[in-house]
1. Looking at 290, 268, 283, can you tell me which residue is touching a helix residue (DSSP H, G or I) at 6+ places or on another chain (Cβ under 7 Å) and either within 16 Å of residue 248 (Cα to Cα) or not assigned by TED's automatic domain parsing to the domain that holds residue 345 (or both)?
2. Residue 91 fails exactly one of the following numbered conditions: (1) in contact with a helix residue (DSSP H, G or I) (Cβ under 9 Å, 6 or more places away or on another chain); (2) part of a helix (DSSP H, G or I); (3) within 15 Å of residue 200 (Cβ to Cβ). What is the number of that condition?
3. For a quick check of your reading: which strands (runs of 3 or more DSSP E) sit entirely within the stretch 296-355 and have at least 3 residues that are surrounded by fewer than 19 Cβ atoms within 10 Å (Cβ to Cβ) and on the phi < 0 side of the Ramachandran plot?
4. Taking the stretch 395-413, which residues are in contact with a strand residue (DSSP E or B) (Cβ under 9 Å, 6 or more places away or on another chain) and over 18 Å from residue 348 (Cβ atoms)?
5. Name the one entry in 169, 154, 158 that is under 16 Å from residue 99 (Cα atoms) and either without any contact (Cβ under 8 Å) to a residue 60 or more places away in the chain or part of a loop (DSSP other than H, G, I, E, B) (or both).
6. From the list 247, 228, exactly one residue is part of a strand (DSSP E or B) and either modelled with pLDDT of 95 or more or touching a helix residue (DSSP H, G or I) at 6+ places or on another chain (Cβ under 8 Å) (or both). Which is it?
7. Just the residues that are closer than 21 Å to residue 191 by Cβ and surrounded by fewer than 19 Cβ atoms within 10 Å (Cβ to Cβ), please, taken from the stretch 125-165.
8. Quick check on my filter: what residues within the stretch 285-295 are surrounded by 17 or more Cβ atoms within 10 Å (Cβ to Cβ) and either assigned to a strand (DSSP E or B) or in contact with a strand residue (DSSP E or B) (Cβ under 9 Å, 6 or more places away or on another chain) (or both)?
């Protein structure tokens with residue numbers, strides 16, 4: 001009888017253990033605990049502040065803005081150009097590694113004038129125009145190069161030039177200066193890549209009748225097909241989801257509403273403001289406990305790469321927690337105490353412009369910690385209705401009335417429910 005009671009007790013204890021483990025497992029799957037629980041568990045068993053960033057967001061490709069591509073050639077049929085291409089575009093699969101290898105082996109940087117650069121562009125080569133200028137070290141992070149030029153880059157080109165054995169790298173900064181570098185990249189690799197692109201009438205502004213445009217503006221010959229997009233605040237935008245994603249107590253009583261409906265949540269030393277129009281503002285200081293906001297392992301300074309990775313992780317948390325559209329890098333600049341990093345939305349490879357040139361996400365990093373950010377939560381979904389665009393030649397003629405402007409296509413989010421792609425002289 002005693003043996004039977006012992007066996008029953010053991011079975012009961014085992015059942016209780018299994019039920020407890022099952023309950024804990026289910027509990028950690030709840031939105032309230034998923035982010036904060038995992039972060040705190042990592043913090044408990046880590047010797048250093050949890051960065052939670054490097055492994056998840058080491059690849060910057062997912063936040064890089066789209067680029068415009070020109071395959072240059074001395075073919076009588078002209079060049080090949082495409083616009084609004086992201087890093088996942090099949091056309092860039094063989095192009096980006098060439099720029100990585102060229103940048104990694106670049107030596108003997110010198111200044112080049114427009115005349116020599118344009119002559120170089122007449123030989124078989126590749127030209128990439130960024131949709132926003134970025135520092136050279138950010139471009140190096142993106143491409144995976146160990147070498148980073150100390151300048152901002154607006155466009156870059158690989159040409160076969162005068163030397164048949166190796167390619168030449170050109171980097172153009174936002175002020176119009178052109179920088180030339182010798183590389184160890186074989187010209188044969190450039191020829192092989194260029195041969196995959198059939199001429200489609202693409203061109204640069206300087207070689208057309210639209211000479212008033214910025215000279216290296218990429219022009220296309222055919223009207224591209226873009227769809228209208230539905231715009232709005234995503235269904236997942238709520239105080240609960242934001243508080244959970246941002247490692248706040250979602251059930252805190254330290255909250256109140258301002259006139260106009262903005263909800264203010266205070267969790268010292270942090271404050272979060274959530275507005276009905278999709279605007280979110282965060283402020284804190286370097287003493288915040290949550291690992292989500294810690295950038296640098298030194299707790300005093302952060303490198304550009306650490307700042308990018310931390311901001312990229314925050315962007316992922318914000319968009320993932322609300323079902324908003326993904327963000328793309330727009331700018332990064334150093335400050336006296338850290339970094340200022342900006343993001344904007346991008347749809348179908350085209351940037352989405354917000355009123356008053358507002359960015360979708362601006363992150364401020366001070367002393368190795370994210371101390372503030374502003375975020376505009378939006379969702380953009382393609383419709384089945386094509387956008388109506390002017391022919392490229394007509395758009396270029398109109399844009400040329402504004403000297404030194406560029407020409408691109410974008411979406412402008414002015415608060416309407418349906419947005420159409422449109423030409424922009426910028």
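1. On the way: 268 fails: touching a helix residue (DSSP H, G or I) at 6+ places or on another chain (Cβ under 7 Å); 283 fails: touching a helix residue (DSSP H, G or I) at 6+ places or on another chain (Cβ under 7 Å).
Sole residue among the options that is touching a helix residue (DSSP H, G or I) at 6+ places or on another chain (Cβ under 7 Å) and either within 16 Å of residue 248 (Cα to Cα) or not assigned by TED's automatic domain parsing to the domain that holds residue 345 (or both): 290.
2. Of (1) in contact with a helix residue (DSSP H, G or I) (Cβ under 9 Å, 6 or more places away or on another chain); (2) part of a helix (DSSP H, G or I); (3) within 15 Å of residue 200 (Cβ to Cβ), only one is false for residue 91: (1).
3. Numbers: elements: 327-334, 338-347, 350-353.
Output list reads 327-334.
4. Residues of the stretch 395-413 in contact with a strand residue (DSSP E or B) (Cβ under 9 Å, 6 or more places away or on another chain): 395-396, 398-402, 405-413.
Answer for the stretch 395-413, where residues must be in contact with a strand residue (DSSP E or B) (Cβ under 9 Å, 6 or more places away or on another chain) and over 18 Å from residue 348 (Cβ atoms): 396, 398, 399, 400, 401, 402, 405, 406.
5. Details: 169 fails: either without any contact (Cβ under 8 Å) to a residue 60 or more places away in the chain or part of a loop (DSSP other than H, G, I, E, B) (or both); 158 fails: either without any contact (Cβ under 8 Å) to a residue 60 or more places away in the chain or part of a loop (DSSP other than H, G, I, E, B) (or both).
Sole residue among the options that is under 16 Å from residue 99 (Cα atoms) and either without any contact (Cβ under 8 Å) to a residue 60 or more places away in the chain or part of a loop (DSSP other than H, G, I, E, B) (or both): 154.
6. Only one candidate qualifies: 228.
7. Scanning the stretch 125-165 gives 162, 163, 164, 165.
8. We begin by selecting, within the stretch 285-295, every residue surrounded by 17 or more Cβ atoms within 10 Å (Cβ to Cβ); these are 286, 288, 290-295.
Passing the criteria: 286, 288, 290, 292, 293, 294, 295.
The values are calculated or read from the model by the stated rules, or taken from the named source; none is laboratory data. Bear in mind that the values here come from a model prediction, so they are computed numbers and not experimental data. Methodologically, a virtual Cβ is constructed for each residue, glycine included, from the backbone with ideal geometry; neighbour enumeration extends over all protein chains shown.
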